[in-house]
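Accompanying notes for the structure given below.
Nothing in this text is a laboratory measurement; each read-out follows from the coordinates by a stated rule. Everything quoted here is computed from the prediction, not taken from an experiment. Here the Cβ positions follow ideal geometry from the backbone for every residue, glycine too, while neighbour counts run over all protein chains shown.
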């Protein structure tokens, strides 16, 4: 009975792993499609495009991404997905910050010569994806700055520009780092 239970549990775990691996590929594809949908000229200009249908398409991809994301079961794939999401969130943020006027959300349809508007809900979904999630823990918050500098020898001569930068903006941190380096040498 015990062996049967172990085998059953392993089979379920393996199935979750396989399903999550496939799901992760779709999640990555959804974010890429969402981004590409609002990128003008196939990425040549690196500007957002103000086209109602393309923003609607992007919003749909993001919405499906969010729905599918909740289906991940294994922690490793959740972490990998978080990494992908952060990568795409930054790309969206960088792209969307190029919008310089509220008039961006209205445009003239060249074929019909009618004024068109990006659906506010679509815009809200796309813009919301580009913002930092308030409940998300930043993985760098738990790291100690001084320990990183000492461990990786970031005050070495080849990193002199970084060292001078730290000394200029935070002399007290630079002093603590020098003290840590000195204490390790003795």
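By the count of neighbouring beta-carbon atoms within 10 Å, fewest first, 97, 111 end up ordered 111, 97.
Mind giving me the FRET efficiency for residue 6 and residue 144? R0 is 41 Å, r the Cβ-Cβ distance, nearest 0.05 is fine.
0.50
Report the gain in length on full extension from residue 53 to residue 66: 0.36 nm times residue separation, minus Cα-Cα distance, nm rounded to one decimal. Before the final figure, lay out the partial values.
Working: separation 13, 0.36 × 13 = 4.68 nm, distance 1.99 nm.
My answer for the length gained is 2.7 nm.
Exposure proxy ranking for 88, 55, 132, based on other Cβ atoms within 10 angstrom of each Cβ and starting from the fewest, stands as 132, 88, 55.
At 0.36 nm per residue, and after removing the present C-alpha to C-alpha distance, how many nm does the segment from residue 134 to residue 97 gain when stretched out fully? Don't skip to the answer; put the middle values down first.
Numbers: separation 37, 0.36 × 37 = 13.32 nm, distance 1.93 nm.
In short, 11.4 nm is gained.
This ranking places 113, 33 by how few other beta-carbon atoms lie within 10 Å of each, fewest first, which gives 113, 33.
From its DSSP helices (H runs of at least four residues, each -39,500 (n - 2.57)), the chain gives a residue-normalised ellipticity at 222 nm of -21000 deg cm²/dmol.
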